[in-house]
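*Asks:* Okay, handing you the structure first.
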Amino acid sequence: MGGVMQDITQRKAAEEIFRKNEERYRVVAEQTGQLIYDYDISTGKIEWVGAIRELTGYSPEEFGQVDLEGWKDHIHPEDVEKALEIHEKCMETGRKYLAEYRFKRKDGSYFYVEDSSVHLRNKQGQMNRIIGVVKDISEKKIAREILKKSEERFRAVAERTGQLIYDYDLRTKRSTWEGAIEELTGYSYEEFQKFVPEVWAEHLHPEERQRAVETYKKCLDTGEDFCKEYRLRRKDGSYFYAEENGFYIKDKDGKVYRAVGVIKDITEQKRALEKLERSEERYRLIAEHTGQVLYHDDYIKGTIEWAGAIPEITGYDFEEFQETNVDGWLGLIHPEDREKVMEAHYRCREKGGDFSEEYRLKRADGSYVTVEDEGVYFKDESGNISKAFGVIKDIEEKKLSQKKLLESEERFRVAAEQTGQIVFEHDHINDVLTWAGAITEITGYGIEEFRKFDGKTWAEHVHPEDRKRALAEFKKFQEKDSHFRVEYRFRRKDGNYFHVEDSGIYLRNEKGKIRKAIGVIKDITPIKLAAEKLQESEERFRVAAEKTGQLVYDYDVASNRIKWAGAVEDISGYTSEEMHKLTTFELLKKHIHPEDYEKAAMYFRNASKIGGNYSQEYRLKRKEGDYIYVEDCGTYLRDKEGRVYRMIGVIKNITERKLATEELRRSEEKFRIVAEQTGQLAYDYDVPEDKIGWGGAIRELMDYGDEEFKKLSSLKDWKKLLHPKDRKRAVDSFNRCLEKGEKYREEYRLKRKDGTYLYVENRGVFLKDENGRIYRMLGANKDITQIKNSLEKVRESEEKYRSFIQNFKGVAFQGDVNFDPVFAEGLLEEITGYSEEEFLSGKVRWDMIVKEEDRLRIFEDAEKLKTIPGTIINREYRIRHKDGKVRWVNEIIQNISDSSGKPVLVQGSIYDITERKEAEEALARTEEIRKKEIHHRIKNNLQVISSLLELQADKFKDREVIEAFRESQNRVVSMAIIHEELYRAGDIETLDFSAYLRKLTSDLLGSYTVRKEDVKLKLEAEDTFLGMDTAIPLGIIINELVSNALKYAFPAGRRGEIRIKLCRKEISENKNIDEIISNNYRGSSIKNSYLYLLVVSDNGLGFPENVDFKNTDSLGLQLVNILVEQLEGTIEMETNGGTTFRISFTETE
């Protein structure tokens, strides 16, 4: 027997290593969620590994039978030709294979895959093997489709914003333009796509071209965002002001490769600013001539501009005072007033709006002047105070006048005590009355008794017939006057009444609010008795004059004397005695407004020659110096010789009428404008003249031109426009309202120019003159055609609805806006246990069977249904059946509005969805268990990979290789911890990141045990919950930064610490308000976005100055930069006594 023994130990070891590598390869392939294949061209066999079951639905054994033909059969018929064509080209050329197609699962469904492979050649250079990867890209495909739709929406929005949007690729030198190209520039879309930077520069205004180009170059060098204004030339050669905002985009190497920006037309804004500057200049000139100091405090620039009467008020030169900033201004305020002024300013700065305060201001010579500072704070678009405008005026004389007034009041009080009158002081702030004077002599009460009288007790002593009038007069004086005088009867202690005159003065604070009233009450009973006799003789004349509120006069031409009666003081401001002292010349020359004097005097001269009646309007000067509009009507009396000897007339105040007329004119003008903007047809009908003036949306509603339609100006023309079937009803209603003066409201059809009709609602009001005669009608026609058509469709819908309700498997209902049922049909009793009669009778209300936890939402929806027309709500909630069991129902409810748009009914349907809800809850529990199991399995698999990496590292002695394995192991562990935490937590969707950080950093310190005593790790993390898509990359980032610090920041013997801080700030993200109002969503709420800040710092040696952390060979830092970009965040590094990395990103909850 012969043979050879050979040592195969090395071969066996190699085979074992190969087997282990194959096993690791298979495990890794399965965990990546991809299919990996190895196609032997010579044998035609394909070896498949990876996530076979997860992707295809086949078992590994089943899918192992799939050969090249089987692979072709699984490609979607629409994609197979393209995939094979790429495959054949790659076989011919030997290039890398890359194709996307749809692949069929075992269940027959398709999913999108990306198939990439390489071709291997044998020693003879022949292709003998293909190795590739197939990965599921369905989500990526969907994302592309969403991106495509988003870009289409972006293009549509851009065109409607009235702006130009560009995207310039610096590498290809190509520009893409979108937006309102033709509207702004006059160029067509195709023409403008040829605008490269050189062409664009040629279109800049010559005066601004160089500055704009330099700004571009500067920002290109620095990578900063740019914002500039310039004039841009249109196609027709004209220029418009433009504002350009843009930014540069950099590649991974930090090089700018793209510029994106927006150009908008700011011509109107520029013109508005020019007007504002001219307005401010006029305002400064006015301030200088009115003796006031004007200031403009710019909070953004931190400067104050001063103007106006600076030398007159402050004593400083104009240039000298311009150096005064906020601190300087505060230093000029009197120390006793400074805190009060600062508090008032800070209060107004928080809220914005008006500011007003009085204080003492130090002049250049050291003296103080009392000033009043009134201003207003303005906010920018972000709601922050940006500037303040104000005026400072000298009120020293006003303060001295107030002081003299108080001294005068004191003297008045002393004098009143000596005159036998009651003196009182009423503190309005604390509602306290103080009495003094001849109390016992006048009232019969003792002084101590009367001093207990408060406002209520005093009012009880006023005669019942006078009480209401007296209180009303006092209220009237308090509203507008500083003085008051009221007469009434007052009850003595013995029960008798006597006449008193209650007069005095109101003292007001700086805001005009009454703080105190000081006055006297004197007994005027003797005067009243004497006046009664005089009153009897003049009663008829005086009553007539006074009751009319007019000024009656009787002018004797021969004696040139005038007798006055009636409302003398109310109209003229003079007392009757003062008025009688005025001569005719003084009355005419000094009291008729200069602009009206010549016209009035000429009229009276001409009227006196003719005689008879006269009537004239002019402005009359009152005693206080103000003017009122009056109407002077009267008659000239002639003697036997025909000479005018007497002139009797009445003067009445028509100021309110004049102001009302002007207000009415402005109101009508606003009404016409509003009518045009709201799409209504407004009219103004002159009844006596039978003339209609039209305005508003004439062309939109009637299809007539404005001038063409305004020719239809008579009532007869209007009647011709009415539909024959509506004409009698509309005209009869008009005549009835015209006769009674009632408001007119009618619906009818109105004929358009093209012969078609539209439904309108006509609302009008009649105006009357002083004699009660109707002279005018104002109103508007509103187009209600759409509402009418909608109501008709609703009626048709209701008929159809009733026809199928008999076979309806739910509950159909209708009720009024208070949710009292009108009818409820269908399976009502089966679903609720209650009959229709029980609901209709009110014995059972629907809201009472709704489960308590859901009732509040039902009430909130009820308010929307009552107030918001067109509201439709789809909601699910629980009710309690009559048998006590809880059932789930789905309710669709909407409101129905009348012709005016006001909701009047609610209706809808209700279905029992209890079985569906129970199934959903069971499914949700199953899904949660499944997800937890997935997290558990992924965690176990990652731990296996970590262990494999550790075992593999043990086979090497090279320190760098071992360190690389340990870094990879830490990265895997950082992901495994996340899945472990999600498996243990109750919430499987979000991770308690602060707890995760504690475990991760503890494991990291454990992996670097050699440094445990020298390096301390401090963690500052708020309670934060993050989704997996954020938590995994963030965990790896922290792992890399902390590992780097442990390895490099603290060499042997150096102690220090590593700090990790994670905090967040809320950023509101508004939900679509239309969705919220219409309630067309279930269980959703307004989402919140948070800005997160991660700071990882150490006090070690510091990062090398000659290394760019964003462009380094370090795999760890490359991974950090990639993951920050994946989070759409930013990263910054500081080296100041160590190294600090600041990473910010956002996440929406």
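*Asks:* According to a simple spin-label model (label point 7 Å from Cα along Cα-to-Cβ), what is the distance in nm between ALA459 and VAL886?
*Replies:* Result for the modelled spin labels: 5.6 nm.
*Asks:* Assuming 0.36 nm per residue, please report the length gained on full extension of the stretch PHE498 to VAL650 beyond their Cα-Cα distance.
*Replies:* Details: separation 152, 0.36 × 152 = 54.72 nm, distance 3.54 nm.
Full-extension gain reported as 51.2 nm.
*Asks:* Can you sort LYS393, LYS882 by how many other beta carbons sit within 10 Å, fewest first?
*Replies:* Numbers: LYS393 18, LYS882 13.
Ranking LYS393, LYS882 by Cβ neighbours within 10 Å, fewest first, gives LYS882, LYS393.
*Asks:* Another one. Kindly flag which residue pairs out of LYS563/LYS589; LYS725/LYS788; LYS719/LYS740; LYS743/LYS782; LYS475/LYS590; LYS999/LYS1061 have an alpha-carbon separation exceeding 23 Å in this structure.
*Replies:* With Cα atoms farther than 23 Å apart: LYS475/LYS590.
*Asks:* Between ARG561 and GLU350, take the C-beta separation as r, use R0 = 56 Å, and let me know the FRET efficiency to the nearest 0.05.
*Replies:* Computed FRET efficiency for ARG561 and GLU350: 0.25.
*Asks:* Please tell me the relative contact order of the range 547-653 in percent, rounded to the nearest whole number, where contacts are Cα pairs under 8 Å and at least six residues apart.
*Replies:* Value for the range 547-653: 29 percent.
*Asks:* Let me ask something additional. Assuming 0.36 nm per residue, please report the length gained on full extension of the stretch GLU336 to GLN814 beyond their Cα-Cα distance.
*Replies:* Details: separation 478, 0.36 × 478 = 172.08 nm, distance 7.08 nm.
165.0 nm is the gain from fully extending GLU336 to GLN814.
*Asks:* Under the Karplus relation 6.51 cos²θ - 1.76 cosθ + 1.60, θ = phi - 60°, what is the ordered set of whole-Hz ³J(HN,Hα) values for the range 1019-1031, x standing for Gly and Pro?
*Replies:* Karplus values, whole Hz, x for Gly and Pro: 10, 10, 9, 5, 5, 9, 10, 10, x, 4, 4, 9, 5.
*Asks:* List the relative contact order of the range 20-136 as a percent without decimals, with contacts defined as Cα pairs under 8 Å and 6+ residues apart.
*Replies:* This gives 26 percent for the range 20-136.
*Asks:* If each residue of separation counts as 0.36 nm, what is the full-extension length gain between LYS599 and GLU54 once their alpha-carbon separation is subtracted?
*Replies:* This chain segment gains 186.0 nm when fully extended.
*Asks:* To the nearest 0.05, what FRET efficiency results for LEU712 and ARG736 with a Förster distance of 22 Å applied to their C-beta separation?
*Replies:* It comes to 0.40.
*Asks:* Packing-wise, with mean Cβ within 10 Å as the measure, how do 197-203, 109-115 rank, highest first?
*Replies:* 109-115, 197-203
*Asks:* Hey, how much of the P(r) for the range 788-912 falls beyond 23 Å, as a percent of Cα pairs?
*Replies:* Of the Cα pairs, 30 percent sit more than 23 Å apart.
*Asks:* If I take R0 = 30 Å and measure r between the Cβ atoms of GLN124 and GLU69 in this structure, what FRET efficiency does the formula 1/(1 + (r/R0)^6) give, to the nearest 0.05?
*Replies:* Using R0 = 30 Å, I get an efficiency of 0.65.
*Asks:* Lysines near LYS452 by alpha-carbon distance under 18 Å, same-chain residues fewer than 8 away left out - which ones?
*Replies:* In chain and number order, the partners are LYS493.
*Asks:* Give me the distance in nm between label points sitting 7 Å out from Cα along the Cα-to-Cβ direction at ARG491 and PHE956, one decimal.
*Replies:* It is 11.0 nm.
*Asks:* Under a plain spin-label model, where a point goes 7 Å from the Cα along Cα-to-Cβ, how far apart in nm are LEU1101 and HIS205?
*Replies:* 5.9 nm
*Asks:* While we're here: Applying a 10 Å radius around every beta-carbon, put 180-186, 427-433, 466-472 in order of their mean neighbour count, most first.
*Replies:* Output ranking for 180-186, 427-433, 466-472: 180-186, 466-472, 427-433.
*Asks:* Answer rounded, prolate or oblate for the range 270-394, using the Cα gyration tensor with square roots of eigenvalues a ≥ b ≥ c: rounded when a/c is under 1.5, else prolate when a/b is larger than b/c, else oblate. Let's see the in-between values first.
*Replies:* Values: a/c = 1.92, a/b = 1.19, b/c = 1.61.
It is oblate, given that a/c is not under 1.5 and a/b is not larger than b/c.
*Asks:* Using Cα pairs closer than 8 Å and at least 6 residues apart in sequence, work out the relative contact order for the range 399-523, in percent.
*Replies:* 25 percent
*Asks:* Peptides 240-250, 635-645, 1050-1060: what's the order by average Cβ count within 10 Å, highest mean first?
*Replies:* 240-250, 1050-1060, 635-645
No value in this document is a laboratory result; all are computed from the given coordinates. This structure is a prediction, so every number in the text was calculated from the model and none was measured. A quick note on method: Cβ atoms are made from the backbone with ideal geometry, for glycine too, and the neighbour counts reach across all protein chains shown.
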